Each structure stands twice: as C-alpha cells, then as structure tokens.
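The values are calculated or read from the model by the stated rules, or taken from the named source; none is laboratory data. On a predicted model such as this, the values are computed, not experimentally measured, just so you know. Methodologically, a virtual Cβ is constructed for each residue, glycine included, from the backbone with ideal geometry; neighbour enumeration extends over all protein chains shown. We work out accessible area using only protein heavy atoms, side chains counted, and drop any ligands, DNA or RNA first. Shrake-Rupley method; radii C 1.70, N 1.55, O 1.52, S 1.80 Å.
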Amino acid sequence: MTALLAAIADDYTGASDLANTWRKSGLRTVQTIGVPADKEAFGGIDAIVVSLKIRSAPVAEAVSGALAAEALLREIGVRHVMYKICSTFDSTDDGNIGQVTDALMERAGQGWVFVTPAFPETGRTVYKGNLFVNDVPLNESSLRHHPLNPMRDANLARILAKQSERPVRILDVQTVAAGLGACREKIQSFSDIRPSIIADAIDDAHLDVLGRLAFETAVSTGASGLGHGLARAALEACRSEDGATSGFQPVGGRAAAIAGSCSARTLEQIAVAEKRMPVLRLDPECIVAGSGAVDEALAFARRHLEAGPVLIAASASSEAVAALQQKYGRMETGHAIERVLATIALGLVNEGVRRLVVAGGETSGAVVDMLGIRSFEVGEELAPGVPMLRTFGQPGGDLAMALKSGNFGGPDFLPEALSRLA
C-alpha cells in the first residue's frame, strides 16, 4: 500500500511528536532515523516520518538533506510531504525554514505553500501572523533565551521573509474560520505571486481546515498541529483497511534518563525527579573543558542502576549557558555537551539499560545517532507530543525510548515516563 503521508522532520524529538500525532489519528506510522535505505520496507504503512538533524544546520546542508529525503519519499509514492518544524519556529534570521520550504516547493512545482507552527494542544497559536506561546508573544516567552535559536520576533511573516525568496502572505483567522471556500478564494487572490502563506490557527477546528487544504497540494511546512489536520484529511481520502496498529511491547531491564535541555520545563522536571530517583547533575563547564564527565556519570549509574532508574543531567539555566557560549563559543559548547551525553547513553546501554528517556531535541539527536538507531515503532502517548518508541533490530536488544522536546511534558514526566515504558 502506498503511504498517504510523509514528513521530513528537522530534529528527532519533533519527529516523534509528529509520529505520535499521526498514530493517534489512526495512521500506521513509522519513524526513521535519517533517509531510509530500503524503500521496500514500508508495506502496509500509512505514514512515514523521516528524522533529520538539520534545525540548526547551515542552509546548504539542510536543503540537501531535505531534498534527499523527499526524493526517496516520492519514489515510495507518498502523496503529500510535510516539512516538520518546531511549534516555536526555532529559526533565527540565519535559519533554514524558508530555504528548505522553497526547495521542496520548487521540486514539487507547487504554486503556494502553507507555513504554520500552530499547535493549540501545546499552547502554540498563530494570530495575524504572530506566534504565541501560552498566550504570550514568542519574543516575550522563555524562547527568547533559547541557547541555539533565540527567538526575538513573534512575527512569522517577517522572519520567513528574511529566509525565503518567495513573497510571504497571511491567511487570517477570520478567513480560516469561514471555511474551505473562503480560504480557497483568498488563496486564489495570492496565486499570481506563488507565495508562502503564514496560516493563522488558534484552535483545532482551524487546523482541520488547513490540513484539508494542504493535503490537496504536494508540500506543506508546519508543526504537529498541521500534521493533525493532514492526518484527518488523509483518513477521509483513504482510510487504512484494517486500521492502525502498534507493535510496541513493554521492555524490561534497567532504566535511565538523560537531560541536556536547558528549558524551564526540563529544569523543573529535573528538580521533581530528584525527589523520586538518584540524580547526577553534571557541570556543563566541566563537560566542555573535558574533565572526565563520562567516567563520573557511568560510575554513578553503576552504583544505582540495580535499585532502579537514574537521571543524568547536564541542563543549566539560560544565563549559565550564555556565559559558557561566551567563553567557549555557541556551537562548540552545544556540540561538546551533546557528544558527552551521547557517549554516556551508549555506556548506559552497555550497562544493560533498555528503557531510556532523553530530554532535549539536540541531545536526543546525538543519542540516537550514537546508538546507531535507524527506525522506531511508535506506541502510545506519554505526554502531548511525546510517544513511546521501540527500536527493532537493535544490536544487543531492542530499546524502549522517549525523546522529549525540552518544553514538553508535565513536572513529573521523567519518572512517570520511565515507569510507563516498563
């Protein structure tokens, strides 16, 4: 069966978020790590999410990776390809959302494209082209201090215009609320300029309209909210004969969590976890300076793993991270911490850990790459945007995992997720 939908995700946790959305909608979904080599492996699959690590990559690298994934997906016969971005539009003026979207549109020969990170379920809404996070403008939220992609402007049209060669227009919420006919009429008025269209959405009903419109085209760009609308449109067009199933089964063995995100929510989750499980807080500066953090972490784990889950965290406040970046360089700091945490994850797996929760998008990408994981089965939802994942064909035994974006999950997410993976 030809897959109905596919996505090219700009990081691994975002990919899991979308795969979770599609599975919940009733689509049989597989998440791959990188561009899959075997295009014959997707029989009976409704939706494919290709996980790349290009959110903060240079434009040329991001465009090349996205086009390679798109070519494979079209060979499989996918009808619609979504470029999955973060619901907080993590892309500064030097980012690549506009350029990747332009490249996918050119490849598809498409006249216009929706771009919307709206995801009301997680508090992300778009109104008059401006992105809000829990009713606060993006540039006034904690994302203004993001260590890699600080968001200093809430106006998506203004941000996108600096990245895209295409005109940028806004499909306002009043038009979206008026339904498909009104939207088609408004889009038709844009058709002579082949624009990227920032689409307003403040509730799920708006995303249903946008998803149906987007599914009529070959390409869209958005977060999991738009993915939800696309899934409903795809199911209306051709529902799978025997429905969605998940091969996810609980995994026994030792359990651990690794946190690299510096978001306020992850810092809160670490503090809560300290009341329920052994936690080692690594000093980020010692990690960057190369002072034996891997050995320290694995020695800590060996002392505690037999009794239950452990958490190893390198998360720090935004002020502390900014100071490190000033001293060692922004990219150098991030890469050093990711590399060390990924090496610790490999060591934990070698110590018998089979249930692993990772907090932070960049950290998750580094861990999955270090473990050599190529694909996941998608299971039930642990928190909005965070599904259970199970590897298959993994050397040394399959793993049950959760890859959590920094801002996702409730305060007690870490211990609760480890418990549910069992």
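When region 68-81 is limited to residues that are open to solvent by 40 Å² or more (accessible area, probe 1.4 Å), part of a helix (DSSP H, G or I) and not hydrophobic (A, V, I, L, M, F, W, C), the one that is farthest from ALA37 (Cα to Cα) turns out to be ARG74.
The number of residues in region 191-232 that are more than 22 Å from PRO137 (Cβ to Cβ) and open to solvent by 20 Å² or more (accessible area, probe 1.4 Å) comes to 13. Checking each residue in region 376-389 for being surrounded by fewer than 21 Cβ atoms within 10 Å (Cβ to Cβ) and not hydrophobic (A, V, I, L, M, F, W, C) picks out GLU380, GLU381, PRO384. At least 2 residues being hydroxyl-bearing (Ser, Thr, Tyr) is the threshold, and among the strands (runs of 3 or more DSSP E) wholly inside region 99-208 those reaching it are 124-127. Apart from one condition, TYR127 fits all of (1) under 23 Å from ARG212 (Cα atoms); (2) open to solvent by less than 40 Å² (accessible area, probe 1.4 Å); the exception is (2). Selection of region 355-372 for residues being within 17 Å of the chain's Cα centre (by Cα) and buried (at least 23 other Cβ atoms within 10 Å of the Cβ) yields VAL357, VAL358, ALA359, GLY360, GLY361, GLU362, THR363, SER364, GLY365, ALA366, VAL367, VAL368.
Elements of the type helices (runs of 4 or more DSSP H) sitting completely within region 311-415 and holding at least 3 residues that are farther than 25 Å from ALA223 by Cβ and either aliphatic (A, V, I, L, M) or touching a strand residue (DSSP E or B) at 6+ places or on another chain (Cβ under 7 Å) (or both): these cover 318-328, 330-350. When ALA60, ALA41, ALA9 are checked against the criterion of being open to solvent by 30 Å² or more (accessible area, probe 1.4 Å) and modelled with pLDDT of 90 or more, a single residue qualifies: ALA60. On inspection, GLY352 qualifies as surrounded by fewer than 17 Cβ atoms within 10 Å (Cβ to Cβ) and either among the polar types (S, T, N, Q) or modelled with pLDDT of 90 or more (or both).
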